[in-house]
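I have placed the structure first, in the form of structure tokens, so that the comments after it can refer back to it.
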Amino acid sequence: MSAAASVLRIALPLPLPQAFDYLPPDTDTVGADAVGRRVRVPFGPRELVGTVVEIAPTDPQVGDLRTALAWLDPEPLLQGELLASLRWLARYTQAPLGEVLATALPAALRRGEPLPDTHAWAWQLTEAGIEALPGLRKNSRPRRLAEHLHAAVLHEDALDRLLDGWRTPMRSLAARGHVERLAVPASSQAPLPHPGPALNAEQRAAIESVRATDGFAPFLLDGVTGSGKTEVYLQAIADCLARGKQALVLVPEIGLTPQLLARFRSRLGVPVHASHSGLNDNERARTWAAAWRGEARVIVGTRSAAFVPLPDAGLIVVDEEHDASYKQQDGIHYHARDFVLVRGKALEVPVLLGSATPSLESLYNARNDRYRLLRLSRRAGEAKPPQVRVIDVRKRALQAGLSQQVLDAVRAALDAGGQVLVFRNRRGYAPVLLCHDCGWSARCPRCDTPLTAHNGGRRLQCHHCGYRKLSPPACPDCASLALQPQGVGTERLEELLAEQFTDVPVLRIDRGSTRRKDALEKHLHELADRPGILIGTQMLAKGHDLPHLTLVVVVGIDEGLFSADFRAGERLAQLLVQVAGRAGRAGKPGEVVLQTHHPEHPLLQTLIRGGYHAFAEQELEQREAAGFPPFAHLALLRAEAKHAGPPMDFLRAARDTLLPACAEQVELSGPLPAPMPLRAGMHRTQLLLSASSRRELHAALEAAMPKIHALPDARKTRWSLDVDPIDLY
């Protein structure tokens, strides 16, 4: 097909459901192999970077088309399985294909930058350097460096491990022509693998099940905390590498990535590439490019790593598969766990989902034989499950939310040489600043929710929109000076415990204290193996191995026991089990103390007596009776604007558009104000679709969404569709 008789159909990163037609930027022949290539195009007064998704014949009835400006790639970046999976994702989420394709690319490639080089750098001694070596001053840094290079060509990573501050003497040698820098394949930077611990029978059985799989199979690795799930991952990845294949590992938090990377690098005989938002744009683009070229054999990353190319795929692992952070809440509302299951099926490779507290959806799929269930029912090695104790704090004096029994337990654990984790899933100093005289409370003007007090109550911040201000010197309503922080956050706990336990380090781990790169690892390294106290939010509940932790204290759980969110019980149960699992992971016995005003609450009693699975069975029965997921399928249409009228008008029109497309199995609820009706100055409204059949729900959406995009009210509000929402906020 010649350029004169063909049109490029290009998906652009715009909130519009259609592709746009352009003429090719040159006179070369344009064929199907152009699909997936990036191209720069004029769009109004702007220039945009899009992706060719189809080659179409010219239509004589269409007027003159604009010509694309330039090709950005010599060959398609998005092709084969990845492009097909992204097309599926656009259909499933009812999102514009151009936005989905842009989301799949690192930011540097979205801007039109070229695919980066992925080679590594090494140094070698030149002939002149070999001749000059005997004349270099003995025991000098240039001499020692030259001697190392005379023995072998060394990668820069190896030099980092071998010699501190090697770059300065290297520059000195390079200036004299004694050394030269070489570009070498990144895959040659393989560290020496280290053997792992002996496996128990359950771990060996799980590994054999994965190893024996030919083609796609979804596995649910359901293992109690400390049961050695990571060892199963490592063995499965090692088998994958032995077959010459790539492995992708998803983790829920950036904070888990450095610890997991260090462990993987010490065990596997290949470089391990990272992909997460803590890296800069160039670093993320290099990992994506290395995966695209097949050079990256093991990729470990957070949610967005679900989009890395896998030309030699052999295994996909999702650690902590239940975690809500795998769901993207802004832009394209995709779920990384669910998307890699689709990719695994297309790639014909096993997908291993691991968790100590699997999501109810995954347990339901395992119960119905959609997933193959692998169980690890006991802790690895000699570790024993921690003892759980519930403390009833009704009518008891509390200091910063802690009872005297808890403080005594902390002292006993420290005196025995152990470490303590005090868990409070609310950062800041206090959740509310209140006037003791008139009842005024500081509220966010953009969200109409309480402002959290920070820095001992001197600063106020909204944790929803980021609004900040200094605390007023007196009550704005009654001029009283009796302004008091109410409630307890991690900062207030840190203040109290630092005063009470002056002989040990007290470290706070939350979003505020770990903003800098590698801050979490530095905090944990500072504590090392000596007695001390960690105060943390849910960041410390996931995946971290704290072998010297003997006591976990959980405070402030009561608000989660009575939430209106149908997922609140599941999330609280998962959080409690995960944080409790941090205790007693080595040879030392562990104890978990739950402090509550509701010791007889059914959720707590079920967890203590029967564990997470007993809770899950009861919760699944309640979900089925109520018609909630996984026994129903949901879609949430959200709209927001600076005034309350336009979102409501748009959703009423959307409802009228949806009604003719909905079968009897699809129910519409709303439009109604969202549970949080004002956020960041925007009035929020929502319309919920519910169906017992996924097929019927998607049929209704496919029929109605093009018409909803065309509604006049759609241009007057900011709106989005969330298929399979996990938050009805």
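The values are calculated or read from the model by the stated rules, or taken from the named source; none is laboratory data. A quick note: this is a predicted structure, and the numbers were derived from the prediction, not measured. Backbone-built Cβ (ideal geometry, glycine too); neighbour counts: all protein chains shown.
Cβ-Cβ under 6 Å, sequence separation 6+ or interchain: first residue in segment 297-322 and assigned to a loop (DSSP other than H, G, I, E, B), partner of a type in the set (D, E, K, R). Which pairs?
As it stands, the answer is Asp312/Lys245; Glu320/Lys542; Glu321/Arg337, since those pairs meet every condition given.
Can you go through Ser362, Ser325 and tell me which one is outside any loop (DSSP other than H, G, I, E, B), farther than 23 Å from Asp214 by Cα and either modelled with pLDDT under 95 or of a type in the set (Ser, Thr, Tyr) (or both)?
Exactly one of Ser362, Ser325 is outside any loop (DSSP other than H, G, I, E, B), farther than 23 Å from Asp214 by Cα and either modelled with pLDDT under 95 or of a type in the set (Ser, Thr, Tyr) (or both), namely Ser325.
Take the residues of segment 602-648 that are closer than 16 Å to Pro677 by Cβ and not hydrophobic (A, V, I, L, M, F, W, C): which is nearest to the chain's Cα centre (by Cα)?
Arg638
Rundown of residues vs (1) exposed (fewer than 14 other Cβ atoms within 10 Å of the Cβ); (2) under 19 Å from Ala34 (Cα atoms); (3) aromatic (Phe, Trp, Tyr); (4) not assigned by TED's automatic domain parsing to the domain that holds Pro17, yes/no style:
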| residue | (1), (2), (3), (4) |
| --- | --- |
| Val53 | no, yes, no, no |
| Glu75 | yes, yes, no, no |
| Ser85 | no, yes, no, no |
| Trp88 | no, no, yes, no |
| Tyr92 | no, no, yes, no |
| Gly98 | no, yes, no, no |
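Search segment 149-177 for residues being under 21 Å from Ala128 (Cα atoms) and among the basic types (Lys, Arg), and hand back the single one that is farthest from the chain's Cα centre (by Cα).
Among those residues, the one meeting the criterion is Arg176.
Just to confirm my filter: which helices (runs of 4 or more DSSP H) fall fully inside segment 142-218 and include at least 1 residues that are surrounded by 13 or more Cβ atoms within 10 Å (Cβ to Cβ), touching a Ser or Thr at 6+ places or on another chain (Cβ under 8 Å) and aromatic (Phe, Trp, Tyr)?
In segment 142-218, no matching helices (runs of 4 or more DSSP H) lie anywhere.
So, in segment 698-719, of the ones that are outside any helix (DSSP H, G or I) and among the aliphatic types (A, V, I, L, M), which residue ends up nearest to Met648 (Cα to Cα)?
So, considering only residues that are outside any helix (DSSP H, G or I) and among the aliphatic types (A, V, I, L, M), the one nearest to Met648 (Cα to Cα) is Leu711.
Against the definition (surrounded by fewer than 24 Cβ atoms within 10 Å (Cβ to Cβ), in contact with a Leu (Cβ under 8 Å, 6 or more places away or on another chain) and at negative phi), how does Val249 come out, yes or no?
Against the criterion (surrounded by fewer than 24 Cβ atoms within 10 Å (Cβ to Cβ), in contact with a Leu (Cβ under 8 Å, 6 or more places away or on another chain) and at negative phi), Val249 does not qualify.
What residue, of Arg370, Arg375, Arg379, is assigned to a strand (DSSP E or B) and of a type outside the set (A, V, I, L, M)?
Of the residues listed, the single one that is assigned to a strand (DSSP E or B) and of a type outside the set (A, V, I, L, M) is Arg375.
Please verify whether segment 195-211 includes one or more residues that are of a type in the set (S, T, N, Q) and closer than 19 Å to Asp369 by Cα.
Within segment 195-211 (the criterion being of a type in the set (S, T, N, Q) and closer than 19 Å to Asp369 by Cα), the answer is yes, since at least one residue qualifies.
Output the residues belonging to segment 621-631 that are part of a helix (DSSP H, G or I) and either of a type in the set (Val, Ile, Thr) or buried (at least 18 other Cβ atoms within 10 Å of the Cβ) (or both).
Selection gives Arg623 alone.
With the condition kept exactly as written, say whether any residue in segment 394-406 is touching a residue at least 12 places away in the same chain (Cβ under 8 Å), more than 21 Å from Gln538 (Cα to Cα), in a strand (DSSP E or B) and of a type in the set (Lys, Arg).
no
With respect to the numbered conditions (1) assigned to a loop (DSSP other than H, G, I, E, B); (2) more than 30 Å from the chain's Cα centre (by Cα); (3) closer than 30 Å to Asp503 by Cβ, which one is the sole condition not fulfilled by Arg427?
The number of the failed condition is (2).
Just a yes or no: is a residue in segment 340-358 more than 30 Å from Pro311 (Cα to Cα) and either assigned by TED's automatic domain parsing to the domain that holds Gln595 or within 26 Å of the chain's Cα centre (by Cα) (or both)?
Taking every residue of segment 340-358 in turn, at least one turns out to be more than 30 Å from Pro311 (Cα to Cα) and either assigned by TED's automatic domain parsing to the domain that holds Gln595 or within 26 Å of the chain's Cα centre (by Cα) (or both).
Among the residues of segment 325-344, write down those that are among the charged types (D, E, K, R) and either in contact with a strand residue (DSSP E or B) (Cβ under 7 Å, 6 or more places away or on another chain) or crowded, with 16+ Cβ neighbours inside 10 Å (or both).
Hits for segment 325-344 are Lys327, Arg337, Asp338, Arg343.
Identify the residue in segment 642-688 that is among the hydrophobic types (A, V, I, L, M, F, W, C) and surrounded by fewer than 14 Cβ atoms within 10 Å (Cβ to Cβ) and, among all such residues, is modelled with the lowest pLDDT.
Ala663
When you scan segment 256-285, how many residues do you find that are in a loop (DSSP other than H, G, I, E, B) and either at pLDDT below 85 or within 18 Å of the chain's Cα centre (by Cα) (or both)?
8
Tell me, please, whether a residue that is within 29 Å of Leu507 (Cβ to Cβ), over 29 Å from the mean Cα position of the chain (by Cα) and either surrounded by fewer than 16 Cβ atoms within 10 Å (Cβ to Cβ) or assigned by TED's automatic domain parsing to the domain that holds Pro599 (or both) can be found in segment 437-450.
No, segment 437-450 has no match at all.
I need the full set of residues from segment 659-684 which are in a strand (DSSP E or B), more than 24 Å from Pro630 (Cα to Cα) and within 27 Å of the chain's Cα centre (by Cα), in order please.
Result: Met676, Pro677, Leu678, Arg679, Met682, Arg684.
Give the residues of segment 24-51 that are in contact (Cβ under 8 Å) with a residue 60 or more places away in the chain and either touching a helix residue (DSSP H, G or I) at 6+ places or on another chain (Cβ under 9 Å) or outside the structural domain of Pro96 (by TED's automatic domain parsing) (or both), sorted by residue number.
Within segment 24-51, Arg38, Val49 qualify.
Take segment 200-238 and flag every residue that is hydrophobic (A, V, I, L, M, F, W, C) and modelled with pLDDT under 90.
Selection gives Val224 alone.
Restricting the search to segment 427-451, which residues are under 9 Å from Cys462 (Cα atoms), in contact (Cβ under 8 Å) with a residue 12 or more places away in the chain and out of contact with any Phe, Trp or Tyr (no Cβ under 9 Å at 6 or more places or on another chain)?
Thr449, Pro450, listed by residue number.
Does Ala453 meet the test of being of a type outside the set (Val, Ile, Thr), in the same structural domain as Ala498 (by TED's automatic domain parsing) and modelled with pLDDT of 90 or more?
no
For segment 632-646, does any single residue satisfy the condition of being farther than 20 Å from Arg715 by Cα, without any contact (Cβ under 8 Å) to a residue 12 or more places away in the chain and not in a loop (DSSP other than H, G, I, E, B)?
Checked against the condition, which is being farther than 20 Å from Arg715 by Cα, without any contact (Cβ under 8 Å) to a residue 12 or more places away in the chain and not in a loop (DSSP other than H, G, I, E, B), segment 632-646 yields no hits at all.
Going by what's in this entry, would Ile237 be described as in a loop (DSSP other than H, G, I, E, B) and within 20 Å of Val340 (Cβ to Cβ)?
No, not satisfied.
Looking at Glu499, Glu494, which one is farther than 28 Å from Tyr729 by Cα and within 32 Å of the chain's Cα centre (by Cα)?
The unique qualifying residue is Glu494.
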